[in-house]
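In what follows, a single structure is set out as structure tokens and then discussed.
The values are calculated or read from the model by the stated rules, or taken from the named source; none is laboratory data. Every value quoted in this text rests on a predicted model; they were computed, and no experiment measured them. Methodologically, a virtual Cβ is constructed for each residue, glycine included, from the backbone with ideal geometry; neighbour enumeration extends over all protein chains shown. Side chains included, ligands, DNA and RNA excluded: accessible areas come from the protein's heavy atoms. Shrake-Rupley method; radii C 1.70, N 1.55, O 1.52, S 1.80 Å.
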Amino acid sequence: MHESKNVFGDSLIPCSSDPLTGFFRDSCCNTSDQDFGSHTVCVEVTENFLKFSRERGNDLSTPVEEFGFPGLNPGDRWCLCAARWLEAQKADMAPRVYLQRTHLRALEIVPLELLRRYAADLN
């Protein structure tokens, strides 16, 4: 596992324990070399984003019991793949981002300046 640092270089804060999120299902957007999707961006999902993701072939609303996935609802926080967030941003469907809960490795795909525009946790 890569060091648990957020986009500011500080300790990564958990994204969500209900529903339990993260590549490792540890409530954080931690990542490793095995995380090919880079599940590093902590977001608050919206109905529009869930629809967008479903239309792109990744239904995040429907529970998948065999994987322990409860399905997401608007308002849930989730560790999203950085490339999917960027795709949603380009389509004007990106959900808000919790920067203190977003892993530093997300910056390999999405510039910090862009993430800041969607920040849910900055004053």
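Laid out as a table, the results:
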| read-out | value |
| --- | --- |
| Filter pass, D59 being open to solvent by 40 Å² or more (accessible area, probe 1.4 Å) and of a type in the set (D, E, K, R) | yes |
| Hits in region 74-123 (condition: polar (S, T, N, Q), loosely packed, with under 15 Cβ neighbours inside 10 Å and within 14 Å of the chain's Cα centre (by Cα)) | none |
| Any pair with Cβ under 7 angstrom, 6 or more apart, that starts in region 38-66 at a residue that is at pLDDT 95 or above and ends at one that is of a type in the set (F, W, Y) | H39/F23; V41/W85; C42/Y98; V43/W78; V43/W85; V45/W78 |
| Answer residue from region 15-34, given it is of a type outside the set (S, T, Y) and open to solvent by 60 Å² or more (accessible area, probe 1.4 Å) and is farthest from G71 (Cα to Cα) among those | D33 |
| Filtered residues of region 1-14 (kept if open to solvent by 40 Å² or more (accessible area, probe 1.4 Å), touching a Lys or Arg at 6+ places or on another chain (Cβ under 8 Å), in contact (Cβ under 8 Å) with a residue 12 or more places away in the chain and part of a strand (DSSP E or B)) | none |
| Test: residue in region 25-33 that is more than 17 Å from N6 (Cα to Cα), among the hydrophobic types (A, V, I, L, M, F, W, C) and either part of a loop (DSSP other than H, G, I, E, B) or at pLDDT below 95 (or both) | no |
| Residue match in region 54-66 (condition: in a helix (DSSP H, G or I) and closer than 18 Å to S4 by Cα) | no |
| Failed condition for C42, given (1) in a loop (DSSP other than H, G, I, E, B); (2) within 12 Å of H103 (Cα to Cα); (3) under 15 Å from the mean Cα position of the chain (by Cα) | (1) |
